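Working notes, beginning with the structure itself.
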Amino acid sequence: MAKNIDPVCGMKVSDASFTSNYGGKTYYFCCEHCKQTFDQNPIKYTR
Amino acid sequence: MPTDPVCGMYVSEDSSIFTVVDGEKIYFCSKSCMQEYTSPDEREKSLRYRLAVAWIFSIPILLITYLLQFAYRDYVLLLLTLPVQFYSGYVFYQGAYMSIKSRSGNMDLLITIGTLTAFVFSLFITIFPRAIISASIYYDASAFIITLILTGNYVENSTKKRANRSASRLVDMIPATSHFITDAGTVEDRKTGEISVGDRILVKPGEMFPCDGKIYEGVTEVDQSVLTGEQEPVVKRVGDPVFSGTSNLNGSVRMEVSKTGRNTTVGQIYDMIRKAATGRAKVQKIADRFSAIFIPIVLTVAVISAIFWLIFLSYVGSPYSVEIAVLSFVSVVVIACPCAIGLAGPITMLISSSISSENGIVVKNAGSLDRLAKATRVVFDKTGTLTGSVPEISSITVSGSIKEDDLLAISASLEMNSNHPVAKAITNEAKRRHLILHECTGITETPGTGIEGVVDGNKITLTRSMEKSGSAVGIYVNGVKMGSIGLEYPLREGSKEAIGKLQSMGLSVSVLSGDSEAAVKDVAQILGLNDFHSGVFPGQKADIVKEYQQKGDYVIFVGDGINDTVALESADVGIAMGSGSDIARDSGDLIILSNDLNSIPKAIVIAEKTISKIRQNIFWAIGYNSALIPVAAGILVPAFGLGVYSVLPMLAALAMGFSSTTVVTNSILMKGRTEKILRDIRKTGVKMPVLGST
């Protein structure tokens, strides 16, 4: 799997353990904390 | 994947080279990078020795190569090159090894490949002089590339050190000894490092506070400018907090220590400055992406260039085909070293955080600088942010026969047991009127409602409520209302001026508060704001921030209280007031230590300048590397002949050092220019720059 960037902390993520869908796109996270932070306010991290 | 804070390289989390700072693991690509981070002085000393050796041997190498001819000359040059290649150049091999191990190229890898190619080729010619017809040795190239790049590293190191000095200056100011007060009440001098939380110390006039704590005896004026940038001394009395690094001006005070060492305000600011310099703004990702693809491209171009010259020169019958192929390979590899790209972000961030701290602004999250520079709207919490956090009594209404002072005295007797800001206002007013307070028993405080207890056998109940004009406290004695106290929050000094500056910068400004509409409207009118929200619950503050974001605004939220935490986190940039709660400070991306709202336009200017400077640096570094690769690959050969290759490898090293120095100098220039704008912000009536204009 290609490496994705966690939009919250900027780390490279190589697995799909923590993901969220927003605006038709899947975002990958390094941990539950980053996913929760993203889910609270996705717009902050997607523009 | 974490990045090395020194060279910016990606490092695997499996790496055994790491250090732990405040419970956080910091990974490094090599032991030399770790040494530079943990003990920069030793690293500088080692670099100085390596540089001295490099210059001492490189100059004779150059002179012999170009001026002298004698028997065994090549062997003498080999001996002179060995210390430069393997002692001075050792630092690059360490980085190159780690680069191969983590499969992510770095500048050390390119320097190693370039210089070893020139060295091994020369060694081969030295041992087998007739193996390649007309071939020369290039010990001068390999030695000078190492020497010049090491010189560039040394200059860069010294510059970084200078930029870091303002952060270290904070810590250096802390006095080495403190006047410890023993249980017997005597005073003895002890090392500040031996002072613990709970100890009592004496701080004399003219001395600096060595730790954070609270005054329990004495009154003095304190110069807190080092933390807040505010030059006006602050009066500190019993119960007031004092901070390490601030100056005790004119009174002898005794304090109880609450924080020592790294946990003190100064210690934390120092850590934040250091961490901010290792933080990454979003714009730096351009550099990361570029570096990741750049090194494989460079090696490919170098190989293609070498093969081209080998085939072409062999085809035309030139005796220099192998030699030129090697030299073009070395030149391309050296000229493309992306060290300036690696420097572009960190050095600017370091200088930016130094400017911020000098202005009483702590940037906790470097990633927020991109968003701060794009801000279109500032949303202020009202109480504690636009206004002070402690209200003032605006009116006292008495019902029945009780006197105003008696009503205030019984209220204060109860409120002195509470930490609520309203309680503080009432007890302050009672103290101001020199009223005698009574003992109070059976106290029960209900958050959001009020407090009750028994004073002189009477059950006293104080209810805190929102009235049309602001906060009010109803006073009941044995269930009968005896009067009420009206409270209002005075506007924070400089708030109107700060909002005017933000508006002149093209930003929209809003205010929101849990207070009544009348109270919020009053404040909004005084400040010239049309957009305000009243009666807002804590959770709704974040919803309002999100609504603005959905409309396309980049939102800065400025708050101070626990109830602002969610909004601080939801906003594109959360700015917490230094006087605010610990939780608010933890949630904010930035902290305004001075509590001066004028720091907000300053922070925006600093962010804008920082991002623009990082962009300039990245553009310069990428443009430079890309533009010179064709030169190294031989584009100038038709004009100047193959002779250019006798100097190109060294010129490549020189140009590379120049590129790094330019990036560093460009970042340093930011300090002077930004400080000039910040000085203009301090002056009233000066037109602010509209964001994006420069």
Next item on the list: Could you tell me which numbered condition B:S58 fails, if it satisfies all but one of (1) modelled with pLDDT under 90; (2) within 30 Å of B:I295 (Cβ to Cβ)?
Entry: (1)
Next item on the list: Considering only the range A:1-17, state which residues are at pLDDT below 80, within 11 Å of chain B (Cβ to nearest Cβ) and either part of a loop (DSSP other than H, G, I, E, B) or out of contact with any Lys or Arg (no Cβ under 8 Å at 6 or more places or on another chain) (or both).
Entry: A:K3, A:C9, A:G10, A:M11, A:S14
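Conditions (1) within 40 Å of the chain's Cα centre (by Cα); (2) in contact (Cβ under 8 Å) with a residue 24 or more places away in the chain, marked per residue:
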| position | (1), (2) |
| --- | --- |
| B:A366 | yes, yes |
| B:D381 | yes, yes |
| B:S399 | no, yes |
| B:L407 | no, yes |
| B:A423 | yes, yes |
| B:V454 | no, no |
Notebook entry, point to check: If B:I460 passes every condition in (1) surrounded by 16 or more Cβ atoms within 10 Å (Cβ to Cβ); (2) assigned to a loop (DSSP other than H, G, I, E, B) but one, which one does it miss?
Noted result: (2)
Next item on the list: Assess whether A:Y22 counts as being at pLDDT 85 or above and surrounded by fewer than 19 Cβ atoms within 10 Å (Cβ to Cβ).
Entry: yes
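Looking only at the range B:172-216, count how many residues are within 23 Å of B:R237 (Cβ to Cβ) and surrounded by 12 or more Cβ atoms within 10 Å (Cβ to Cβ). Give the derivation first.
Of the residues in the range B:172-216, the ones within 23 Å of B:R237 (Cβ to Cβ) are B:175, B:178-181, B:185, B:187, B:195, B:197-216.
Right, trim to surrounded by 12 or more Cβ atoms within 10 Å (Cβ to Cβ) and you get B:175, B:178-181, B:187, B:195, B:197, B:199-205, B:207-216.
Residues meeting the conditions: 25.
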Check: A:S20 fails exactly one of the following numbered conditions: (1) part of a helix (DSSP H, G or I); (2) away from chain B (no Cβ under 12 Å). What is the number of that condition?
Finding: (1)
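Is it true that some residue in the range B:621-628 is in contact (Cβ under 8 Å) with a residue 60 or more places away in the chain and either within 18 Å of B:S353 (Cβ to Cβ) or β-branched (V, I, T) (or both)? Outline the logic, then answer.
In the first step, residues of the range B:621-628 are kept if they are in contact (Cβ under 8 Å) with a residue 60 or more places away in the chain; the result is B:621-622, B:624-625, B:628.
Pick out the ones that are also either within 18 Å of B:S353 (Cβ to Cβ) or β-branched (V, I, T) (or both) and you get B:622.
Yes, the conditions are met somewhere in the range B:621-628.
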Check: Only one of B:S291, B:S258, B:S328 is at pLDDT 80 or above, part of a helix (DSSP H, G or I) and touching a Gly at 6+ places or on another chain (Cβ under 8 Å); which?
Finding: B:S328
Notebook entry, point to check: Yes or no: B:L590 within 23 Å of the chain's Cα centre (by Cα), free of Cβ contacts under 8 Å to residues at least 24 places away in the same chain and buried (at least 24 other Cβ atoms within 10 Å of the Cβ)?
Noted result: no
Margin query: Of the conditions (1) modelled with pLDDT of 80 or more; (2) over 33 Å from the mean Cα position of the chain (by Cα), B:V333 satisfies every one except a single condition; which number is it?
Written below: (1)
Check: Has the range A:32-43 got at least one residue that is over 22 Å from B:T565 (Cβ atoms) and either within 11 Å of chain B (Cβ to nearest Cβ) or surrounded by fewer than 15 Cβ atoms within 10 Å (Cβ to Cβ) (or both)?
Finding: no
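The values are calculated or read from the model by the stated rules, or taken from the named source; none is laboratory data. Everything quoted here is computed from the prediction, not taken from an experiment. Neighbour counts are summed over all protein chains in view; Cβ atoms, including those assigned to glycine, are modelled from backbone coordinates with ideal geometry.
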